[in-house]
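Only one structure is covered here, and it is reproduced in the block below.
What follows is calculated from the coordinates using simple rules that are stated; it is not laboratory data. Since we're looking at a predicted model, the values are computed, not measured. Here the Cβ positions follow ideal geometry from the backbone for every residue, glycine too, while neighbour counts run over all protein chains shown.
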């Protein structure tokens, strides 16, 4: 009986509480109507002048179809961009448009300044609310890391999301040009794309008579994951005068060691996690691992550490391609294949290939960008 | 035990609904986008009277938070109700759509429909229902020994079915390329963020809730008979209960509910197992009370779990399935030990 009494009291309490909340809500609703009218005239919490500008610009839009076929209206004068992938963030910086970058993801670490921008979460599962809270004119996404749901959900609530879908270097360059156009920086875009294209052409001319190096590109060591034919990495390898030995229709196939032993690649290309200093350690580990150590490429020391830029379809990828080409075809590029620091206009430094054979003793040379 | 009057059912359900209301208010209030209570109420009021605007407030409230809450309520209620149904149908307290492999069956069906007909609205729901129904039928027949439904054999059959179906799902996942794969991996962990597949959001939720109410309502009509069946099928038969018909209704209804939940949110574990048990401990085993309390309780749990999932590691979000498993397992162990003592 006592229990049921307590239960009844609890029920009454809960109901009263709920009614109270509801009543407060109603009162607030009436009181707040004037507040809403006020807030309607000042749409963005910025300084008055740019705020008025943004309001005016928001009205002028153009219809755009992105690389996944989604149609949307994008403001003509985009002032605030949220990037949902590291390569897009990097491209924005390479275009010198970082002032327009309102936010990026927790994965965006190149250049280091990108880490200081407000984050909206990881690329695969960003907080949609956090994106909206940054008041973006445009959100940039890419099929290589973002989920279709994210773009769909944002478009559904009226936030334009332009998704790029590069499978080749040409695709990456055209996506870069389109991004520059959308951000109102067509000139910078054309300049950057021309420069990158010219560097790629130089490589092509230098390498066109050379046989392709047969490489195993390692995306992930354990389990061993490599690349398929239709990935931008496969295309980037071709520009570097290399060909993946793995033939797969999947983009990121899991490969058995047996297959690797059978194919006997000339080179093993690993991607470095740039910020960890254990690159040499990892090569040595590979030499100690049973099946790996038996590979001809490993025995000959033909293990190349490519920059992590290689996994990001961004302007920095061209640096990585050049470095890898120098590594794989030293006879074509007599200049010593050493650590290269490629200075970009905004001062970012990209750490290119490290010769695998070198020991880690002289680690002082490191990279300016991460102070190592 | 006091007699179960309609008044008592209403009182208890009213209390649970009040708790659900408070949870919903909290869920509307918290998130990465800061909105004051007053702005929420204003936005809701404006939306309700039809002069909704395209402000960021209404984007967040109507575009992001409300659909997620509505989906959470639906999924929680459907999973808990179907859990309660399976527990009666199989006369096994550990029955649950997740444990019995029914969720995996529904997931496999939904996945196949995503691969074959990705843009047909409603196809996923139908395929998920077929997957759920086929799985529970297989588990039911595998779980019989000498014509009798054996509790341990049944659970083993469920576990085997679940792992077999998961293996098929993994096989399919390796065949699917790129972004589709990524979406499905998230979906399999239980995810409430997927936007409705049509432009007509209200119509979509109307369809989902209509299916839920029909299926849960059908199950509710059998609740008095279920009480008798739980004391023994033969005894219930002697008392004039059409045992075969009742079991068929519960079987179809529970499969529909599981398929419905899985098709929109992926596989979310523990809710269907845990919530009916908690409700039994609080309010007794009478199915006339257990079905509605489980439905509301499940809604509370999912909305709460999802709210926590999108706030504790903000701005990144935890999938709701991870949240329910994280919170559900310890609570279940606690309840089990308390019961033994």
> How much length is gained on full extension from residue B:119 to residue B:142, taking 0.36 nm per residue of separation minus their Cα-Cα distance?
Replying inline: 4.8 nm
> If R0 is 30 Å, what FRET efficiency do you get for residue B:174 and residue A:170 from their C-beta distance, rounded to 0.05?
Replying inline: 0.55
>> Report the Cα centroid-to-centroid distance between the range B:12-53 and the range A:147-220 in angstrom, as an integer.
In response: 43 Å
> Length gain on complete extension for the stretch residue A:332 to residue A:285, per 0.36 nm per residue less the alpha carbon to alpha carbon distance?
Replying inline: 13.9 nm
> Once label points are set 7 Å from the Cα along Cα→Cβ at both residue A:210 and residue B:214, what is their separation, rounded to one decimal in nm?
Replying inline: 6.7 nm
>> Using Cα-Cα distances under 8 Å and only pairs 6 or more residues apart, what relative contact order does the range B:202-257 have, in percent?
In response: 45 percent
> When only C-alpha pairs under 8 Å and at least 6 residues apart count, what is the relative contact order of the range B:6-340, in percent?
Replying inline: 30 percent
> Exposure proxy check: B:187, A:239, A:220 ranked by fewest other beta carbons within 10 Å?
Replying inline: A:220, A:239, B:187
> For peptide B:64-70, how many partner chain Cβ atoms fall within 10 Å of a residue's Cβ, on average?
Replying inline: 2
>> Quick check on chain B: take the gyration tensor over C-alpha atoms, sort the square-rooted eigenvalues as a ≥ b ≥ c, and tell me if it's rounded (a/c under 1.5), prolate or oblate.
In response: oblate
> Going by how many other beta carbons lie within 10 Å of each one, how would you line up B:13, A:108, fewest first?
Replying inline: B:13, A:108
> Give or take rounding to whole Å, what are the principal axis extents of the alpha carbon atoms in the range B:93-224, in descending order?
Replying inline: 51, 40, 21
> Quick one: length gained pulling residue A:181 to residue A:76 fully straight, 0.36 nm per residue minus the C-alpha distance?
Replying inline: 36.8 nm
> Going by alpha carbons, how many degrees (0 to 90, nearest 10) lie between the helix axis of B:6-29 and the longest principal axis of chain B?
Replying inline: 30 degrees
>> Compute the helix-to-body angle for B:66-89: its Cα long axis versus the longest principal axis of chain B, expressed 0 to 90° and rounded to tens.
In response: 0 degrees
> Which whole-number percentage describes the relative contact order of the range A:63-179, with Cα contacts under 8 Å and a sequence gap of 6 or more?
Replying inline: 27 percent
>> Only bridges whose two residues both fall in the range A:202-308 count here: according to DSSP, what percent of them are antiparallel, nearest 5?
In response: 15 percent
>> Given a Förster distance of 25 Å, report the FRET efficiency between residue B:9 and residue B:221 from their Cβ-Cβ distance, rounded to the nearest 0.05.
In response: 0.95
> What number, rounded to the nearest 500 deg cm²/dmol, is the helix-based mean residue ellipticity at 222 nm of chain B, given -39500 (n - 2.57) per DSSP H run of at least four residues and division by all its residues?
Replying inline: -24500 deg cm²/dmol
> When B:171, B:21, B:283 are ordered from fewest to most other Cβ atoms inside 10 Å of their Cβ, what list results?
Replying inline: B:171, B:21, B:283
> Which shape class applies to the range B:13-131: rounded if a/c is under 1.5, otherwise prolate when a/b exceeds b/c and oblate if not, where a ≥ b ≥ c are the square roots of the Cα gyration tensor eigenvalues?
Replying inline: oblate
>> Taking each residue in B:29-40, count the Cβ atoms of any other chain within 10 Å of its Cβ, then average. What number comes out?
In response: 5
> Using Cα atoms only, what is the angle between the long axis of helix B:151-175 and the major principal axis of chain B, expressed in degrees (0 to 90) to the nearest 10?
Replying inline: 40 degrees
>> Classify the range A:50-185 from the C-alpha gyration tensor, please: rounded if a/c falls under 1.5, else prolate or oblate depending on whether a/b exceeds b/c.
In response: rounded
